[in-house]
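Worksheet for the structure shown next.
The values are calculated or read from the model by the stated rules, or taken from the named source; none is laboratory data. A quick note: this is a predicted structure, and the numbers were derived from the prediction, not measured. Neighbour counts run over all protein chains shown; Cβ positions are idealised from the backbone, glycine included.
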Amino acid sequence: MKRFTFIGMLFLAILITSCSGNDGFDGQDGLDSIQGQVFEVENVDFNYDATGNFYSTRLTYSDFTSFEVLESDAVLLYVLDEEIELTDGLADNWTLVPVSYFLDGGTIQYTYAHNFVDMDLYINGNFDMSAIDTFYTDDLVFRVVILPSSFASSKIDTSDINAVLARLGVEEDDIIKASL
C-alpha cells in the first residue's frame, strides 16, 4: 500500500509541475506581435447597375498599401457616418459595415465581399435605387482594417474602431490615407 501511495504521489507531483509555466504567449493576451494594416480611402464613388438595381465599387489593396493580405486574414470595413462636434473639436463617427439606413423610399444597406487581392463594396436596397441621393453614393470615406487570423479570433468589439486600433497599437497618424 505504501508503494502504491508513493507512486501515486510521485505521479501527482509530476503532473502538477508539468502543467505549470507560461502559456507560450508574450505580451498582452499573446497579441504583441500582431501586424495589421489600416488605410483610409476618401472620395469613393459607387456605380449604379440598372440590371441588378444596386451600386458597387471595388478597392484593390495594392493601390493603397504594400501590406501582404493573406487568405486567412480578416478584413473589416468602416464607413465615415459623420463628424461629431465636441467641446475640443471634431471627432469622426465610424460605423462597421454592413450597415443599414432607412430612407423615405425604403432601406439601403452597405455590404462588402473581400478576398486577399481586393474588396467589392455594395449598396443594396428594397426599392428602385436609380434615383438615390448622391449623399449615399458619392465622395464617401471608408477605413479598411486588415487583421491577421490570430487577431480575428481574439475577443474584441470590432464594431468599435477605436478599440480595434488600440488593440493593434495603431495611432491616427499611422493610418495610411488615400484618395480616389
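Taking the criterion of being among the polar types (S, T, N, Q) and not in a helix (DSSP H, G or I), the residues of the stretch 110-153 that qualify are THR111, ASN115, ASN124, ASN126, SER130, THR137, SER153. Pairs are defined by a Cβ separation below 9 Å, a sequence spacing of at least 6 or placement on different chains, a first member in the stretch 53-69 that is under 26 Å from ILE132 (Cβ atoms), and a second member that is hydroxyl-bearing (Ser, Thr, Tyr) and in a strand (DSSP E or B); the pairs so defined are PHE54/TYR48; PHE54/TYR122; TYR55/TYR48; TYR55/TYR122; SER56/TYR48; SER56/TYR122; THR57/TYR122; LEU59/TYR112. Residues that are loosely packed, with under 14 Cβ neighbours inside 10 Å and not in a helix (DSSP H, G or I) within the stretch 161-176 comprise GLY169, GLU171, listed in sequence order. So, of the residues in the stretch 121-158 that are hydroxyl-bearing (Ser, Thr, Tyr) and over 25 Å from PHE54 (Cα atoms), which turns out to be surrounded by the most Cβ atoms within 10 Å (Cβ to Cβ)? If we take residues in the stretch 121-158 being hydroxyl-bearing (Ser, Thr, Tyr) and over 25 Å from PHE54 (Cα atoms), then THR158 is surrounded by the most Cβ atoms within 10 Å (Cβ to Cβ). Restricting the stretch 85-98 to residues that are closer than 18 Å to GLU40 by Cα and part of a strand (DSSP E or B), the residue that is nearest to the chain's Cα centre (by Cα) is LEU96. Filtering the stretch 41-55 for residues that are in contact with a Lys or Arg (Cβ under 9 Å, 6 or more places away or on another chain), surrounded by 12 or more Cβ atoms within 10 Å (Cβ to Cβ), part of a strand (DSSP E or B) and at pLDDT 95 or above leaves a non-empty set. All conditions in (1) in a loop (DSSP other than H, G, I, E, B); (2) closer than 18 Å to PHE39 by Cα; (3) touching a helix residue (DSSP H, G or I) at 6+ places or on another chain (Cβ under 8 Å) hold for ILE156, with the sole exception of (2).
A quick yes/no check of all residues on (1) of a type in the set (Lys, Arg); (2) in a loop (DSSP other than H, G, I, E, B); (3) under 14 Å from the mean Cα position of the chain (by Cα):
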position: PHE39; (1), (2), (3): no, no, yes
position: PHE67; (1), (2), (3): no, yes, no
position: VAL75; (1), (2), (3): no, no, yes
position: LEU80; (1), (2), (3): no, no, yes
position: GLU83; (1), (2), (3): no, no, no
position: SER100; (1), (2), (3): no, no, no
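In the stretch 24-51, the residues that are closer than 16 Å to LYS155 by Cβ and among the acidic types (Asp, Glu) form Cβ pairs under 7 Å with partners that are at pLDDT below 95 and surrounded by 12 or more Cβ atoms within 10 Å (Cβ to Cβ), at six or more places apart or across chains, as follows: ASP29/SER154.
Among the criteria (1) in contact (Cβ under 8 Å) with a residue 12 or more places away in the chain; (2) closer than 22 Å to VAL41 by Cα, the one ALA163 does not fulfil is (1).
Checked against (1) surrounded by 13 or more Cβ atoms within 10 Å (Cβ to Cβ); (2) closer than 21 Å to LEU70 by Cβ; (3) at pLDDT 90 or above, ASN115 passes all but condition (1).
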